[in-house]
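Peer 1: Once you've had a glance at the structure underneath, I'll fire off some questions.
The values are calculated or read from the model by the stated rules, or taken from the named source; none is laboratory data. Not measured: the values here are computed from a predicted model. Using ideal geometry, Cβ is built from the backbone for each residue, glycine included, and neighbour counts are taken over all protein chains shown. When the accessible area is computed, the model is the full protein with side chains, heavy atoms only, and any ligands, DNA or RNA have been set aside. Shrake-Rupley method; radii C 1.70, N 1.55, O 1.52, S 1.80 Å.
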Amino acid sequence: MALDLTIPPALSRDDFLTTSANRDALAMLDEPDRWPGGRLLLIGGAGAGKSHLARFWADEHEAPILRAATIFPAGVDAMLGRHGALVIENAHEIAGISEGEDALFHLWNLAGARKALLLITARMAPRDWGICLPDLLSRLESAAQAVLGPPDDALLPAVLVKLFADRQIQVAPDVVDWLSTRMERDLGLARHLVAAIDERSLADRRPVTRRLAAELLDKLSPPDHSTAMPSA
């Protein structure tokens, strides 16, 4: 029986991989005194590093982290509590949910009244969430935005190395190089791909080779991005 020996991902500041794709967003995160009203939206696609940034920022500011889908109007006061900072993750998930939108609206106002820092993460700009509450949308659109760009030539291979290391997988550099030059620059895909490679390697008791990586990349990629099978 294959055992899943995956360890929790390393999410400290020292483990964050800084490149041109995220350097500006990190700089904004590190200057909360310059956030208008003490609020910042951290925006990036799936796997772009929002949760990693939010996690170490929250640790450094002793801020609770709440998933937007779990907030509700009656609990807003307790959510902020006595903390001087709060993180709301995946705020786009509350779009169209009246209780969630009301809760975020009241939380936004309460954070301002208490001069608390409010960091909100989402996959896209507020105008694309589908927000129904006009007052909430106007407030979100007025906030400063730190945007994480798509992975560049330096970030994608570094992320692949980290993802393999998080799973305690030893992988040859040529496998990482081969993947990073053939797969889409999508960190969400990178995460799913490494998980699939790990599962297949354990199940079949196969080492992680370019051939194994190609099999899984071909399976997970859209048809028009299929990859030719390597010889090794």
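Peer 1: Filter the range 187-197 for residues that are touching a Leu at 6+ places or on another chain (Cβ under 9 Å) and open to solvent by less than 70 Å² (accessible area, probe 1.4 Å) and give the result.
Peer 2: If the condition is that a residue be touching a Leu at 6+ places or on another chain (Cβ under 9 Å) and open to solvent by less than 70 Å² (accessible area, probe 1.4 Å), then Leu187, Leu189, Ala190, Leu193, Val194, Ala195, Ala196, Ile197 are the ones that fit.
Peer 1: Right, next: Taking Ala21 as the residue in question, decide whether it is in a loop (DSSP other than H, G, I, E, B) and at pLDDT 90 or above.
Peer 2: no
Peer 1: Looking only at the range 143-153, which residues are over 15 Å from Thr121 (Cα atoms) and either of a type in the set (Ser, Thr, Tyr) or open to solvent by 20 Å² or more (accessible area, probe 1.4 Å) (or both)? Talk me through it step by step, then tell me what you get.
Peer 2: Of the residues in the range 143-153, the ones over 15 Å from Thr121 (Cα atoms) are 150-153.
Within the range 143-153, Pro150, Asp152, Asp153 qualify.
Peer 1: Hey, another quick one. Check whether at least one residue in the range 45-59 is in a loop (DSSP other than H, G, I, E, B), at positive phi and buried (at least 16 other Cβ atoms within 10 Å of the Cβ), and report yes or no. Lay out the reasoning, then the answer.
Peer 2: To start, the set of residues in the range 45-59 that are in a loop (DSSP other than H, G, I, E, B) comprises 45-49.
Now restrict to residues that are at positive phi: 47, 49.
With the extra rule that they be buried (at least 16 other Cβ atoms within 10 Å of the Cβ), the set shrinks to 47, 49.
The answer is yes, given that some residue of the range 45-59 is in a loop (DSSP other than H, G, I, E, B), at positive phi and buried (at least 16 other Cβ atoms within 10 Å of the Cβ).
Peer 1: Is it the case, given these coordinates, that Ala78 is under 24 Å from Glu31 (Cα atoms), modelled with pLDDT under 95, surrounded by fewer than 19 Cβ atoms within 10 Å (Cβ to Cβ) and of a type in the set (Gly, Ala, Ser)?
Peer 2: On the way: under 24 Å from Glu31 (Cα atoms): no; modelled with pLDDT under 95: yes; surrounded by fewer than 19 Cβ atoms within 10 Å (Cβ to Cβ): yes; of a type in the set (Gly, Ala, Ser): yes.
For Ala78, the condition - under 24 Å from Glu31 (Cα atoms), modelled with pLDDT under 95, surrounded by fewer than 19 Cβ atoms within 10 Å (Cβ to Cβ) and of a type in the set (Gly, Ala, Ser) - is not met.
Peer 1: Part of a loop (DSSP other than H, G, I, E, B), in contact (Cβ under 8 Å) with a residue 12 or more places away in the chain and charged (D, E, K, R), is that true of Asp135? I'd like the intermediate steps shown before the answer.
Peer 2: Working: part of a loop (DSSP other than H, G, I, E, B): no; in contact (Cβ under 8 Å) with a residue 12 or more places away in the chain: yes; charged (D, E, K, R): yes.
No; evaluated as a whole, the condition is false for this residue.
Peer 1: Scan the range 101-133 residue by residue and report those that are surrounded by fewer than 16 Cβ atoms within 10 Å (Cβ to Cβ), within 21 Å of Met28 (Cβ to Cβ) and of a type outside the set (Lys, Arg).
Peer 2: Gly112, Met124, Ala125, Asp128
Peer 1: Now for a different question. List the pairs whose first member sits in the range 31-44 and is within 15 Å of Val147 (Cα to Cα), whose second member is in a helix (DSSP H, G or I) and open to solvent by 10 Å² or more (accessible area, probe 1.4 Å), and whose Cβ atoms are under 6 Å apart, counting only residues at least 6 apart or on separate chains?
Peer 2: As it stands, the answer is Leu42/Lys50; Gly44/Lys50, since those pairs meet every condition given.
Peer 1: Inside the range 182-198, can you point out the residues that are assigned to a helix (DSSP H, G or I) and either in contact with a Phe, Trp or Tyr (Cβ under 7 Å, 6 or more places away or on another chain) or touching a residue at least 60 places away in the same chain (Cβ under 8 Å) (or both)?
Peer 2: Passing the criteria: Leu187, Gly188, Leu189, Ala190, Arg191, Val194, Asp198.
Peer 1: Which of the following residues is at pLDDT 90 or above, open to solvent by less than 20 Å² (accessible area, probe 1.4 Å), farther than 17 Å from Ala46 by Cα and in contact with a Phe, Trp or Tyr (Cβ under 7 Å, 6 or more places away or on another chain): Leu212, Leu136, Leu217, Leu179?
Peer 2: The conditions single out Leu136.
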